[in-house]
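Written below as structure tokens is the structure these notes are about.
FYI, it's all coordinate maths here, none of it is from the lab. Owing to the predicted nature of the structure, the values given are computational and were not obtained by experimental measurement. For neighbour counting, all protein chains shown are included, and Cβ atoms are generated from backbone atoms with ideal geometry for every residue, glycine included.
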Amino acid sequence: MTPVPRLMSDTALVFGRYARQTLRSKMAVTFGMLMPLLYLLLYGPLLTDVPLGSSGSSWQILVPGLLLQLALFGAGFAGIGLLMEKQHGVIERMRVTPVSRLALLLGRVLRDAVLLTFQAGLLVLAAVAMGLRAPLPGVLIGFAFVALLAASLASLSYALAMKAPAPQAFAPVVNAVNLPAMLLSGLMLPMSLAPGWLDALSHLMPLRYPVDAVRAAFIGHYTAPAVLHGTLAAVALAAVSVTAGTRLFRAAGA
């Protein structure tokens, strides 16, 4: 087992490598937020006159969903970069270095969490320009959920990438998971507006609880049960995903 100080230093080393790589690519910083930004610009105005009950303004409902959508798709497809490294022999060269194998995963995951949180900040700024009004503590809570979800899904994405023989085998699996997650978690609209059977089904989707939590935070209801349930779900998902991702990553021989 790798000692904690060495694991931390190795993780920081790997994080620094991929952070510098990301900073050199403006495409990597901006492209990931294209889809939620389009939803914000083209879908958001359609909700301004839609009665949504007492759940907050349309922007306080849509923007939290878009933040977690950013994490869902951004972290879900993080493994594409690892697949490219496998094809170019980068992973093979890293395997002969003394760097901790766990750090090779955690450094990447940390880079993704930081990148997606930064993109979430840019998305919120665009939403404020569109009309979003939300308390700062609520927005910061939203960023924390983005980081947790990013760490969870990126861990699984990298583990899947280590086992996938090619991008053609990787993308369909991610899409098969992300699409139901997006539809059943209520990213666009609260699932409380759905028919009873669909609302009940959505409670089986772990992502629903963080979505409801961030929406509650965006309207200032920090002590609402939804925030507690969302926090528990996000922490549990992160613990399970990082543990499973670590085991799969190591088993794949990274």
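Which residue, Ala129, Ala181, Ala159, has the most motion in a Gaussian network model of the chain that connects Cα atoms within less than 10 Å?
Judging by the Gaussian network model, the answer is Ala129.
What three numbers, in Å, describe the spread of the alpha carbons of the range 113-254 along their principal axes, ordered from the longest?
For the range 113-254, the Cα extents along the three principal axes come out at 47, 36, 26 Å.
Given labels modelled 7 Å from the Cα in the Cβ direction, how far is it in nm from Ile80 to Lys26?
Simple spin-label model gives 2.0 nm for this pair.
Pulled fully out, how much extra length does the chain show between Gln168 and Trp197, if you take 0.36 nm times their separation in residues and subtract their Cα-Cα distance?
Between Gln168 and Trp197, full extension yields 7.0 nm more.
Can you compute the FRET efficiency between Ala224 and Arg6 using 1/(1 + (r/R0)^6), with r the Cβ-Cβ distance and R0 = 35 Å? Round to the nearest 0.05.
About 0.25, to the nearest 0.05.
On the first, second and third principal axes, largest extent first, how far apart are the outermost C-alpha atoms of the range 74-144 in Å?
So the three principal-axis extents are 51, 21, 14 Å.
Sequence gap at least 6, Cα distance under 8 Å: using those rules, report the relative contact order of the chain to the nearest whole percent.
Across the chain, relative contact order equals 26 percent.
May I ask for the longest run of the chain untouched by trypsin sites (Lys or Arg not before Pro) that are loop-located per DSSP and have at most 12 neighbouring C-beta atoms (other than their own) within 10 Å?
Longest site-free region, per DSSP loop and neighbour criteria: 134-254.
What is the diffusion coefficient of the chain in µm²/s, taking the Kirkwood radius over Cα pairs and the Stokes-Einstein relation at 10 °C with a viscosity of 1.306 mPa s?
85
Are there any helices in the chain, counted as whole DSSP H runs, that stretch 20 Å or more along their axis by Cα and score at least 0.5 on average by Kyte-Doolittle, and if so which?
Those that clear 20 Å and a mean of 0.5 are 58-76, 101-130, 136-163, 167-184, 225-251.
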